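The values are calculated or read from the model by the stated rules, or taken from the named source; none is laboratory data. Predicted model, so just to flag it, every value in this text is computed and none were measured. For neighbour counting, all protein chains shown are included, and Cβ atoms are generated from backbone atoms with ideal geometry for every residue, glycine included. For accessibility, only protein heavy atoms count, side chains too; no ligands or nucleic acids. Shrake-Rupley method; radii C 1.70, N 1.55, O 1.52, S 1.80 Å.
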Amino acid sequence: MTSQTKHALVVRGGWDGHVPVPTSDKYAAVLKDDGYDVTVSDTLDSYLDEELLAGTDLIVQCWTMGQISGDQVSGLINAVRAGTGFAGWHGGVIDAFRSETRYQLMTGGQFVHHPREFTTYEVRTVAEHPIMAGIERFTVTTEQYYLHMDPQVEVLAVTDYAEDPDTPELAGAVVPITWTREWGAGRVFVTAVGHRMADVEVPEVDAMIRRGMAWATR
């Protein structure tokens, strides 16, 4: 290991329906193949370890719902402000810790609804960015998230929200799918796709996550 080695912390847990272990295992392996030193954690207490966080260049989180303590969220936010990158997908980042608004400010978006059934929808790129290079549009069949968004994020890709009998008022709304933001000295990458393993195996989704992790890394 040299001083140039990047260090990643993968934090996973919460609701099992979003397969946090298989999906995070996939991207922990990607990071290792890319030369990162990777620590995998199944506890939010990792966000209390100041020494660990200070030496971490990228946090990849997959933790849907759940509860985070005030000290834990402060540790995470302070690490990102100091330059640690933060990246993730779907509910593992934007349906985590629903009562913690400080966390939501950092991530830049919050899940509020999806249709009962899986939806086939098109994702289209709307910004020039290295994360989206060569990706113009693609289709996925999975949960389609309706989100409340921070106006300061840089939206990279969007979708048109499908007709949903439970919420007909939302049909046709243009909803962000992938975005980035800076939080202090840190970079944040989020994509709303990733409900199940089949989603992150879609080539365009996989490419966005791989590139998003690299972009967010300190």
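Only one entry in His148, His113, His90 is open to solvent by less than 30 Å² (accessible area, probe 1.4 Å) and either in contact (Cβ under 8 Å) with a residue 24 or more places away in the chain or acidic (Asp, Glu) (or both), namely His90.
State whether one or more residues within the stretch 15-36 are open to solvent by less than 70 Å² (accessible area, probe 1.4 Å), touching a residue at least 12 places away in the same chain (Cβ under 8 Å) and in a strand (DSSP E or B). Don't jump to the end; show me each part of the working.
Taking the stretch 15-36 first, the residues open to solvent by less than 70 Å² (accessible area, probe 1.4 Å) are 17-24, 26-31, 35-36.
Adding the requirement that they be touching a residue at least 12 places away in the same chain (Cβ under 8 Å) leaves 17-20, 22-24, 26-28, 30-31, 35-36.
Next, only the ones that are in a strand (DSSP E or B) stay: none.
No, because not a single residue in the stretch 15-36 is open to solvent by less than 70 Å² (accessible area, probe 1.4 Å), touching a residue at least 12 places away in the same chain (Cβ under 8 Å) and in a strand (DSSP E or B).
Screening the stretch 97-109 for residues that are more than 11 Å from the chain's Cα centre (by Cα) and under 20 Å from Gly212 (Cβ atoms) and picking the one that is most open to solvent (accessible area, probe 1.4 Å) gives Leu105.
Here is a yes/no grid of residues against (1) touching a Lys or Arg at 6+ places or on another chain (Cβ under 9 Å); (2) over 20 Å from Val188 (Cα atoms); (3) aromatic (Phe, Trp, Tyr); (4) open to solvent by less than 70 Å² (accessible area, probe 1.4 Å):
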| residue | (1), (2), (3), (4) |
| --- | --- |
| Thr84 | yes, no, no, yes |
| Asp95 | no, no, no, yes |
| Thr119 | no, yes, no, yes |
| Val153 | yes, no, no, yes |
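Residue by residue through the stretch 46-82, note down the ones that are surrounded by 14 or more Cβ atoms within 10 Å (Cβ to Cβ) and without any contact (Cβ under 8 Å) to a residue 40 or more places away in the chain. Answer for the stretch 46-82, where residues must be surrounded by 14 or more Cβ atoms within 10 Å (Cβ to Cβ) and without any contact (Cβ under 8 Å) to a residue 40 or more places away in the chain: Ser46, Tyr47, Leu48, Asp49, Ile68, Ser69, Gln72, Val73, Ser74, Gly75, Leu76, Asn78. Taking the listed residues Ala133, Ala157, the one that is surrounded by fewer than 15 Cβ atoms within 10 Å (Cβ to Cβ), within 15 Å of Trp215 (Cβ to Cβ) and of a type in the set (A, V, I, L, M) is Ala133, with no other qualifying. Could you go through the stretch 76-95 and let me know if any residue there is touching a Gly at 6+ places or on another chain (Cβ under 9 Å) and of a type in the set (Lys, Arg). Checked against the condition, which is being touching a Gly at 6+ places or on another chain (Cβ under 9 Å) and of a type in the set (Lys, Arg), the stretch 76-95 yields at least one hit.
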